[in-house]
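Worksheet: the structure to be examined is printed underneath.
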Amino acid sequence: MHRPASADLAIIEELLNPEFNFSTTIITPFKKELNKNILKARKASNKHDIISHYIFEFWDLQNFFKEFEEILFEGIISHSTPEVKAFTHINKSGIVKELNKVETYAVQCHELFKLIFREIQLCCIKFKIDLSAICEELKACADNVDYSIFPALKKPTTKDKPTSGTKAEKNFDNLLIKNKAAFIMNMLEEMSITVNGKSQLGPRKKGALRGIVEALKEKNILPQLSINCLCALVADKIGLELKSKLDFSETSNAFRKKAIRYIAEHCKA
């Protein structure tokens, strides 16, 4: 990996400043700009082109993320010192590493990319834009689309099919290192999703699981499988019967936010 230039280092320092807020500085303005541009476009083809433009512009970041694959997509990333945006990474072998500034910058950029891409997906739902066609056209998005928010893009594979209770429970345990699995189960208890490891969710509250799974996936605590697959694995682990997939809802979105806060406060190295 090349050493960042002085200009790049200045950008890194700005992004890692504890007072730099993703939501107010980037996400909210981006959301407003995106929605404003879509509203101005009267034709469906123009709306399609606007979404294509944003995805194309952000897609170059994928090459940057590949340089940090082991950190971004394997193991656990957690705040070691949240007030100064310091992170630690635990790999599959349980080895703990303090991330340097460039690695921390990559983590922050990846989180920002996922938040932006989520806004693009939600915009497509709101304005009935065919994101599936755009993804196919650009040959992009497959690993970044949240298929549970945008089910039309779901491409079932053998590994994503829900399994029986016994097999799914075994896969949940085998997919995760012990401290990661223990963190998830403890989190479910403290968020009143389970009692003694067993689900307490009624039919109207099942969406809470989807929100928590979303957050765990975003923070790389759960592996990068589809949300439907991960929900099935966790549901079987805690004895929650799922007769159908868990769709995006107000309940799931509320619990996603609660779970993000919980992870920030409790996921320590």
Filtered residues of the stretch 229-254 (kept if in contact (Cβ under 8 Å) with a residue 24 or more places away in the chain and touching a Leu at 6+ places or on another chain (Cβ under 8 Å)): C231, A232, L233, V234, A235, I238, L240, L246, S252
Some residue of the stretch 234-250 being modelled with pLDDT of 90 or more, under 25 Å from E70 (Cβ atoms) and in a helix (DSSP H, G or I): yes
Extreme residue, farthest from N196 (Cα to Cα), among residues of the stretch 236-256 that are among the basic types (K, R) and surrounded by 16 or more Cβ atoms within 10 Å (Cβ to Cβ): K245
Options T88, T25: the member that is within 30 Å of F183 (Cα to Cα) and hydroxyl-bearing (S, T, Y): T88
Subset tally (residues that are exposed (fewer than 12 other Cβ atoms within 10 Å of the Cβ) and modelled with pLDDT under 90) for the stretch 15-42: 7
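Condition first: part of a loop (DSSP other than H, G, I, E, B), under 30 Å from T104 (Cβ atoms) and charged (D, E, K, R). Now tell me which residues in the stretch 31-69 satisfy that. Talk me through it step by step, then tell me what you get.
Just the residues of the stretch 31-69 that are part of a loop (DSSP other than H, G, I, E, B), to begin with: 41-43, 59-60, 67-68.
When the remaining residues are screened for being under 30 Å from T104 (Cβ atoms), the result is 59-60, 67-68.
Result: D60, E67.
Could you check the stretch 191-230 and list, in sequence order, the residues that are in a helix (DSSP H, G or I) and polar (S, T, N, Q)?
Matches in the stretch 191-230: N228 only.
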Total residues in the stretch 102-134, condition touching a strand residue (DSSP E or B) at 6+ places or on another chain (Cβ under 8 Å) and without any contact (Cβ under 8 Å) to a residue 40 or more places away in the chain: 2
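Would you check which residues across the stretch 88-126 are part of a strand (DSSP E or B) and either assigned by TED's automatic domain parsing to the domain that holds K180 or more than 21 Å from A215 (Cβ to Cβ) (or both) and list them?
At the first step, the residues of the stretch 88-126 found to be part of a strand (DSSP E or B) are 88-90, 96-98.
Those that are part of a strand (DSSP E or B) and either assigned by TED's automatic domain parsing to the domain that holds K180 or more than 21 Å from A215 (Cβ to Cβ) (or both): V96, K97, E98.
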From the options F68, F56, residue that is in contact with a helix residue (DSSP H, G or I) (Cβ under 7 Å, 6 or more places away or on another chain), exposed (fewer than 14 other Cβ atoms within 10 Å of the Cβ) and either outside the structural domain of F183 (by TED's automatic domain parsing) or within 15 Å of C123 (Cα to Cα) (or both): F56
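The values are calculated or read from the model by the stated rules, or taken from the named source; none is laboratory data. Model, not experiment: these values are computed from the prediction. When we count neighbours, we look across all protein chains shown, and the Cβ atoms used for this are built from the backbone with ideal geometry, even at glycine.
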